[in-house]
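The values are calculated or read from the model by the stated rules, or taken from the named source; none is laboratory data. All values derive from a computational prediction rather than experimental measurement. As a convention, Cβ positions derive from the backbone with ideal geometry for all residues, glycine included, and neighbour counts pool all protein chains shown.
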């Protein structure tokens, strides 16, 4: 187990409310849409809409249970440029945009707590 | 089920659950094979499980990285059974009725001691008409649309002391604890 080393604090990122991170900006809406809209077929037919909503809730519940099974476990994140890092999973936000992790093993040291953007991650694995 | 995976609806995804799929992800077009656990309708992330010698490992491919999904085969009965046991559905059963009644009144008394308005409604407890607690009345069995009340009630349930066997409401002399949280808000200092 690598001993934690002090990590250089990188400069503060862009202000979340400035241009580009504005929730109403076209860039944010294009990159981080919160949910898929209902399909056109379902919009016209209430029976289909109900079925679609049921399917959505079942799938979402399974996904949330998956996330629950992952909490406090060692998770390996596979990111761009073949970067693989390991951390202990904490939580995810509702739109699966950010992951809160502890003991993040980075190439420059171990970060006690960190927030990982989901756009930087391609996939992550854990053992059940 | 090749192209347009991301644009097909949740109904298609639900039909493909438990089947073996191959997911191509990322710019490097890495391929991942596994049994489909679920597809998140919010982020389009695909959860796959693969079974090894020492157990199962789950891989979640984020929605923005999914390039292509192909369904390969249906699961055999053994695999289907293992998949079903991985993500157990919520427990609907519970302890026997007598035990359930005891737990329910224990939880109700604890909440009332803490000045929380609660009523029994059949097998459930209703708090302030906005939160429901199902059997077996643990913190995870609470459901409500109001996050603040949910959080407070869950915290209360977590610190509930173990019930004293055959405690009589008349003989209970313990007053409400000093640290009883108030649903209206924190007590300001100096009071």
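General remarks:
- Strands (runs of 3 or more DSSP E) wholly inside segment A:55-128 containing at least 2 residues that are within 10 Å of chain B (Cβ to nearest Cβ) and in contact with a helix residue (DSSP H, G or I) (Cβ under 8 Å, 6 or more places away or on another chain): A:121-127
- Hey, residue B:68 over 30 Å from residue B:140 (Cβ atoms) and modelled with pLDDT under 85 or not: no
- Some residue of segment B:63-77 being within 13 Å of another protein chain (Cβ to nearest Cβ), touching a strand residue (DSSP E or B) at 6+ places or on another chain (Cβ under 9 Å) and surrounded by fewer than 14 Cβ atoms within 10 Å (Cβ to Cβ): no
- A residue that is outside any strand (DSSP E or B), surrounded by 13 or more Cβ atoms within 10 Å (Cβ to Cβ) and in contact with a strand residue (DSSP E or B) (Cβ under 8 Å, 6 or more places away or on another chain) can be found somewhere in segment B:138-145.
- Checking residue B:15 against (1) crowded, with 19+ Cβ neighbours inside 10 Å; (2) more than 7 Å from every other protein chain (Cβ to nearest Cβ), the condition it does not meet: (1)
- Here the strands (runs of 3 or more DSSP E) wholly within segment B:48-135 that include at least 2 residues being over 30 Å from residue B:146 (Cα atoms) and touching a residue at least 40 places away in the same chain (Cβ under 8 Å) are B:66-73.
- Criterion violated by residue A:73 - all others in (1) modelled with pLDDT of 90 or more; (2) within 18 Å of residue B:45 (Cα to Cα) satisfied: (2)
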